[in-house]
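The values are calculated or read from the model by the stated rules, or taken from the named source; none is laboratory data. Small disclaimer: the values here were computed from a predicted structure and weren't measured. No Cβ is skipped: glycine too gets one built from the backbone with ideal geometry, and neighbour counts run over all protein chains shown. The protein model used for the area step is the full one, side chains on, heavy atoms only, and it has no ligands, DNA or RNA in it. Shrake-Rupley method; radii C 1.70, N 1.55, O 1.52, S 1.80 Å.
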Amino acid sequence: MTPISYKVSNVSPKATSDLISVYAVGLDGKETQLQGAASKLAGLKSLNLKALAISGAFEATSRLNVGNGVVGLIGIGEGITNHSKAREIGGAIGRAFKDAKSLTIDIPIASSEIALALLEGLAIAQYEFTKYKSSGSKTATLKSVHLVSSKSVSKTELDRLRILSEALNATRDLVNTPGNDLYPAKLAEIVKSQSKIPGVTVEIWDEKKLAKEKCIGILSVGQGSARGPRLVKITYSPSRAKSHLALVGKGITFDTGGISLKPPLGILGMKYDMAGAATIAQATLAIARLGLPIKVTAFMCIAENMPSGSATRPTDVITFRNGKTVEVINTDAEGRLVMADGLILASELKPDLIIDLATLTGGARVALGNRYTGLMGEDKAVAAIEKAASAAGELVWHMPLAEELLDLLKSDVADFVNSRLGNPAGSMLVGGLFLREFVGLASAKGKDRLNWAHLDFATAANNDLAPYGYTVKGATGSMVRTLVTVAEQMTAKQKK
Ligand code: BES
Ligand code: ZN
Ligand code: ZN
C-alpha cells in the first residue's frame, strides 16, 4: 500500500472528481446543525438536514452530491473536545470515506493536538485484511488527506504517525493470519525479515536452543504440535541509550487448549492468541524506526498449543529455568507458562521496566468488557503505562493483584499449579499473580521486585463486533501506540 500523504493548511483545495470534502454536523440540544465551515457554504446552508435524515450524532456519517462535488458529513455530537474524541472522529471519517482518492476535511479543530490525533485516527482506520479474499483488491484507495486548519502539525509528527500506523498494520496482518499459515517458525521468520533496521538484532531460538536455555514453559506448551515452538529475542540497542525497557509477549499461534481441549465456540478467535508477541515486536521495531535513544529487549514466546500423543498431560510437573516448579493442571492455561520463560529471561537483564502483554484470560472480558485492557503490577510501572495509554487514547484499567487469590495457585506436589479447575474467581487477577512469581528481584540482597507490569488484552486485541471510531473488525493493533509512548516518555525522563 502506498503511504497516504497528509497536509495541514488553511487553504481549501479546489473540488475535483475524485475528491470528497468532509464537513461537520453537530448537535445543538437535539437539533442537528452544520458546524464550522459547513455553516458558511452556499451548497450546504440551504439543505434541510432533517428531511435528508442527516444525523449530527458522534461518528454518524452521510454523503451528498452538492454542486459538482461529493460532500461527506461527519457527526461530531457536542464537539471534538479532546484528543481521544478527535482520534475516534478521524477513524469514523477514515472508515466512511476510504474509497475516495483524496479527502479534504474542513471541520472545527481547536488545537494542534486535536489536528494530529484526528489524522492519527484516520490513518489507523485505513486497514483492511483482504489477503484471503479471492476477489482480491482493497476498497481503501485513499492517497491524500488535506486537513483545512490554521493549527500546525510538524513533519516529525507526521513521520511518527506514518511509522505508528505501519506498525499497527504489520501487527494486524500477523494477528489476522490464520493458524494454518502462521505457525511458530513462520512468525519468527516474518519478524526477522522485518527487522533490518539500524541498531536492531534478532535471535531465533529453536527447540534445541530452548532446551539448552531451560525454557521449559515454551517447550512444554509446544510439544504437542508438529510445528515446534520458538523464542524470538529482538534487541534494539542505540549507542545513546540510558534506560532499558524489556517487553514480553504471548505468541500462541493457535490455542486449541491442548489436552484440556476448548469447546467449538471457545476455540474460535484463538488464532489471535499471538497478538501479544506480534504487538511487542512491532512496537520495538517502531521504537527503532523512530530512533528513540532507549534500549529495548523484546521476547516473543511462541508455540502452538495442540493436543496429541506428545502433548503435555494435565498434572505433569515442569521445572522452570529459575528453579520453580509448576503442576500443569489445565493445559489451556498455557499463556502463563510461555510468558514465565519470557519474564525470567527479561528479569535476568535487570531492565528499568518490564512490560508483558498477553491475551491471557477470558476473565478479562468478564471483568472489563470488550474494549479495556487489564493492567496489573508494581505501582511505578502501572503509573507509567496509565500515563502513556492516556496520551495514546487507549483504554487500560488498573486491576489489583489480590493477594488472597494466591492460595488458588497452591499445588500439593509442586510449587504452584498453573490454574485451579472449577474456581473462576478473579481469573484475570490470578493470571497476573502467577506471572508475578516469575519476575525477578531488583537486587540479590533486597526483597524488591523489578519494576514490572502485566497487560491482559484478551478481548481488546480483537474486535469481533461492529467497527467503531478508528477500530476496525478483527485484529485491532491495540497497545502498539501505548508501548511506543511508554518508550518515548522514558526517553523524555532520561533527558532531564
Ligand atoms: N487464550 C486464552 C484466553 C482467551 C480467551 C483469549 C478468550 C481471548 C479470548 C487462554 O489461553 C485461556 O484459555 N485461558 C483460560 C485460563 C483459565 C484456564 C485459567 C481461560 O480464560 O479460560
Ligand atoms: Zn488457553
Ligand atoms: Zn491462550
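Just a few scattered comments:
- Under the Debye formula (equal points on every Cα, no solvent term), log10 I(q)/I(0) of the stretch 15-54 at q = 0.33 Å⁻¹: -1.20
- Hull-based mean projected area of the chain, where the convex hull spans the alpha carbons, in square nanometres: 25.2 nm²
- The trypsin sites (Lys or Arg not before Pro) of the stretch 392-449 meeting both criteria, a DSSP state outside H, G, I, E and B (loop) and at most 10 other C-beta atoms within 10 angstrom of the site's C-beta, are 445, 447.
- Within the chain, antiparallel bridges make up roughly 45 percent of the DSSP beta bridges whose residues both belong there.
- Across the stretch 58-136, the convex hull enclosing all Cα atoms gives 113 Å³ per residue.
- The translational diffusion coefficient of the stretch 154-245, from Stokes-Einstein at 37 °C and 0.692 mPa s with a Kirkwood hydrodynamic radius over alpha carbon pairs, comes to 212 µm²/s.
- The protection proxy used here, the mean number of other Cβ atoms lying within 10 Å of each residue, ranks peptides 271-282, 362-373, 328-339 as follows, highest first: 271-282, 328-339, 362-373.
- Computed [θ] at 222 nm, helices only, for the chain once each DSSP H run of length n ≥ 4 contributes -39500 (n - 2.57): -9500 deg cm²/dmol
- Placing +1 on the Cβ of every Lys and Arg and -1 on the Cβ of every Asp and Glu, with no other charges, gives the chain a dipole of roughly 1440 debye about its Cα centre.
- Protein heavy-atom surface of the chain, 1.4 angstrom probe: 53% of the accessible area is carbon and sulfur, with nucleic acids and ligands not counted.
- Based on protein heavy atoms only, the chain ends up with 42 Å² per residue of surface accessible to a 1.4 Å probe.
- Charged side chains reduced to their Cβ positions (Lys and Arg at +1, Asp and Glu at -1) give the stretch 309-400 a dipole of some 80 debye around its Cα centre.
- Stokes-Einstein diffusion for the stretch 5-153 at 20 °C, viscosity 1.002 mPa s, with a Kirkwood radius from C-alpha pairs, works out to 139 µm²/s.
- Charged-residue dipole, Cβ positions (Lys, Arg, Asp, Glu), the stretch 72-160 about Cα centre, Debye nearest 20: 400 debye
- Coordinate range along principal axes, alpha carbons of the stretch 88-179, Å, largest first: 46, 23, 20
- For the stretch 458-472 versus the stretch 63-135, the gap between their alpha-carbon centres in whole angstrom: 17 Å
- Ranked by how many other beta carbons lie within 10 Å on average, peptides 217-229, 70-82, 244-256 from highest: 244-256, 217-229, 70-82
- Among 114, 79, 180 the positive-end extreme of the charge dipole of the stretch 56-181 (Cβ point charges): 180
- Bridge type composition, the stretch 5-153 - antiparallel percent by DSSP, nearest 5: 35 percent
- Its residues counted as N, the stretch 244-293 yields a C-alpha radius of gyration over 2.2 N^0.38 Å of 1.54.
- Shape call, the stretch 351-438: gyration tensor on alpha carbons, a/c limit 1.5: oblate
- For the stretch 5-153, averaging the sequence separation of C-alpha pairs within contact (under 8 Å, six or more residues apart) and dividing by the residue count gives a relative contact order of 31 percent.
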